[in-house]
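Working notes, beginning with the structure itself.
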Amino acid sequence: PETNDKRTLIAAANILKEEIADIIMIGNEEKIMDGAGWLEVELDGVTIIDPEKSEKLDDYVNILYETRKNKGMTPEKAREILLNDYLILAMLSHSTKGSAKHPLVDKMVEATRIAHEQYPHLCIDGELQTDAALVPQVAKSKAPGSEVAGKANVLIFPNLDCGNIGYKLVQRLGKAEAYGPMLQGIAKPVNDLSRGCSWQDIVGVVALTAVQAQLA
């Protein structure tokens with residue numbers, strides 16, 4: 001999946017080159033091949049399945065719905081998830097669209113502006129409170145018209161304190177798996193682990209770092 005991401009294309013090309021595995025890429029064939037051409041990578045031998053054209057889409061929708069219906073999944077939501085291959089980057093704050101005035105709010109507004117300017121292809125919006133970013137019903141009242149509100153699948157925290165507190169709450173109370181921190185700006189792939197991590201966390205981060213090393 002996520003075949004619009006250059007890392008996915010590079011990884012696929014390398015896996016094919018090394019004959020590690022057969023590759024099935026999910027997405028629009030024209031966009032995938034355009035991306036491969038721009039990156040100058042070869043995807044000869046790859047199988048491409050476009051969800052919008054797949055004869056099995058209805059079957060997949062039904063499987064996802066049946067698997068998750070007890071957790072609130074609907075057929076409509078299942079179809080939307082299967083057809084969505086985009087990251088949707090929400091800039092979190094204690095304010096939604098000017099509901100509060102504060103220098104920290106200004107920081108996220110400016111960060112959103114810079115992101116739009118430098119990465120216009122990204123689906124990103126802010127400033128948004130967490131409930132407005134994640135809950136469609138809240139989004140309708142707090143941020144009507146936003147393409148991100150209520151649908152965000154990537155959350156950008158305003159600072160390290162918020163991010164650390166937020167992910168540990170979700171990890172410990174929500175029983176989520178947490179990997180990282182994943183470090184950036186270093187010449188070679190290197191990552192960190194919390195002192196409170198489990199052996200499963202170590203295995204996960206080692207695997208992620210190995211993938212990063214393959215892409216470097």
- Query: What is the P(r) of the range 76-125, as percent of Cα-Cα pairs per 5 Å bin from 0?
  - Reply: 5, 19, 21, 17, 15, 12, 8, 3
- Message: So if each residue of separation counts as 0.36 nm, and I subtract the Cα-Cα distance between L160 and H94, what length gain in nm does that give?
- Response: 22.3 nm
- Item | Positive-pole candidate from L104, L83, Y60, dipole of the range 44-178, charges at beta carbon | L104
- In angstroms, what radius of gyration and Dmax does the range 117-216 have, counting Cα atoms only? 16.3, 45
- Item | Mean separation of Cα contacts under 8 Å, 6 or more apart, over the residue count of the range 117-162: relative contact order % | 33 percent
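Give the residue list of trypsin sites (Lys or Arg not before Pro) in the range 1-88 that are DSSP loop and have at most 16 other beta-carbon atoms within 10 angstrom.
When the trypsin sites (Lys or Arg not before Pro) of the range 1-88 are filtered for loop state and at most 16 Cβ neighbours within 10 Å, K53, K56 remain.
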- Query: Considering only Q118, V138, Q184, whose Cα is most displaced toward the positive end of the charge dipole of the range 89-213, charges sitting on Cβ of Lys, Arg (+1) and Asp, Glu (-1)?
  - Reply: V138
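Extension gain N14-E110, at 0.36 nm per residue separation less the Cα-Cα distance, in nm?
Full extension of this stretch gives 30.8 nm more.
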- For the range 1-112, taking Cα atoms only, what is the radius of gyration to one decimal and the Dmax to the nearest whole Å? 19.1, 55
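At 25 °C and a viscosity of 0.890 mPa s, what translational diffusion coefficient does Stokes-Einstein give for the range 163-216, taking Rh as the Kirkwood radius over Cα pairs? Give it in µm²/s as a whole number.
206 µm²/s
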- Quote the Stokes-Einstein diffusion coefficient, in whole µm² s⁻¹, for the range 136-190, based on the Kirkwood radius over alpha carbon pairs, a temperature of 10 °C and a viscosity of 1.306 mPa s. 115 µm²/s
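I'd like to know how the chain sits against the 2.2 N^0.38 Å rule of thumb: what's its Cα Rg over that expected value?
Its radius of gyration relative to the 2.2 N^0.38 Å reference: 1.14.
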- Task: Over the chain, calculate the relative contact order: mean separation of alpha carbon pairs under 8 Å at least 6 apart, over the residue count, as a percent.
- Result: 14 percent
- Message: How large is the Kirkwood hydrodynamic radius of the range 1-48, counting all unique pairs of alpha carbons, in Å?
- Response: 10.3 Å
- In the range 80-141, which trypsin sites (Lys or Arg not before Pro) are in a loop and have at most 16 other Cβ atoms within 10 Å, using DSSP for the loop call? K101
- Query: Which trypsin sites (Lys or Arg not before Pro) does the range 150-201 hold that lie in a coil by DSSP with at most 14 other beta carbons within 10 Å?
  - Reply: K175, R195
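For the chain, what is the charge dipole size about the Cα centre, in debye to the nearest 20, if Lys and Arg each add +1 at the Cβ and Asp and Glu each add -1 at the Cβ?
Approximately 1240 debye in magnitude.
What's the longest bit of the chain with no exposed GluC sites (Glu not before Pro), using DSSP loop states and at most 15 other Cβ atoms within 10 Å as the test?
Here the longest run is 56-146.
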- Item | Gyration tensor (alpha-carbon) shape descriptor, the range 103-169, a/c threshold 1.5 | oblate
- Between the range 1-60 and the range 84-113, what is the C-alpha centre distance in whole Å? 32 Å
- Message: Connecting C-alpha atoms closer than 10 Å in a GNM of the chain, tell me which of T130, T112, T47 has the biggest fluctuation.
- Response: T47
- Longest to shortest principal axis, alpha-carbon extents of the range 21-75, angstrom: 45, 21, 20
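Values quoted throughout were computed directly from the atomic coordinates according to the rules given, and no laboratory measurement underlies them. These figures come from a predicted structure and were not determined experimentally. As a convention, Cβ positions derive from the backbone with ideal geometry for all residues, glycine included, and neighbour counts pool all protein chains shown.
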